[in-house]
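Here's the structure, in structure tokens; my notes come after.
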Amino acid sequence: MIKLLRVDHRLLHGQVAFSWKNAVEADCILIACDAVMKDDLRKTSIKLAKPSGVKLVIKNMDDAVNAINSGVTDKYKLLTVVESIKDAERLCKECNIKKLNLGGTKATAETRNISKAMNISLSTVKTKLYRGKQKLKNTIIKRRANDE
């Protein structure tokens, strides 16, 4: 069962590994990111950030979608982390996820800063986070679980 889907370009780090894991009582963290699967250094770094007592799974986006939809992840209290809003939108759409935490994205020439660590483009707001019939019921912007 997915407890939280989080967008964070840093993927797994202290805030995610401890604050969010504890807040949602996750027993498994799923990192869904195509780029990480091709980068052994990033994979190793993520593994080093894993808190004790939690299973860590790193998958590319296709495999993450398949695992979630197959039901194999249902036995876990799953904290799922993706690197981009594009990846989050894919998981929301293909896995019927209705709750999203926007934690942090990198600033680019096309984005605007909407919170301390969140940068999104106007097209993202219009097309990805608010999709008419498929709109998310609960989208929150929080860096840390205990932020107000």
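The values are calculated or read from the model by the stated rules, or taken from the named source; none is laboratory data. Because the structure is a prediction, the values reported are computed rather than measured. Every residue, glycine among them, receives a Cβ derived from its backbone with ideal geometry; neighbour counts consider all protein chains shown.
Just a few scattered comments:
- Number of positions in the stretch 64-73 that are buried (at least 22 other Cβ atoms within 10 Å of the Cβ) and without any contact (Cβ under 8 Å) to a residue 60 or more places away in the chain: 1
- The set of residues from the stretch 31-41 being surrounded by fewer than 16 Cβ atoms within 10 Å (Cβ to Cβ) and either outside any helix (DSSP H, G or I) or touching a Ser or Thr at 6+ places or on another chain (Cβ under 9 Å) (or both) comprises K38, D39.
- Identity of the residue in the stretch 48-63, more than 14 Å from the chain's Cα centre (by Cα) and assigned to a helix (DSSP H, G or I), that ends up surrounded by the fewest Cβ atoms within 10 Å (Cβ to Cβ): L48
- Verdict on A107 being over 24 Å from I29 (Cβ atoms) and either modelled with pLDDT of 60 or more or surrounded by 15 or more Cβ atoms within 10 Å (Cβ to Cβ) (or both): yes
- Residue that is modelled with the highest pLDDT [pool: residues in the stretch 74-104 that are crowded, with 20+ Cβ neighbours inside 10 Å and among the polar types (S, T, N, Q)]: T80
Okay, residues lined up against (1) among the hydroxyl-bearing types (S, T, Y); (2) at pLDDT 85 or above; (3) assigned to a strand (DSSP E or B); (4) surrounded by 16 or more Cβ atoms within 10 Å (Cβ to Cβ):
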| position | (1), (2), (3), (4) |
| --- | --- |
| R6 | no, yes, yes, yes |
| V16 | no, no, no, yes |
| N22 | no, yes, no, no |
| A26 | no, yes, no, yes |
| I29 | no, yes, yes, yes |
| K43 | no, yes, no, no |
| I46 | no, yes, no, yes |
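- Answer residue from the stretch 64-85, given it is of a type in the set (A, V, I, L, M) and part of a strand (DSSP E or B) and is farthest from R6 (Cα to Cα) among those: L78
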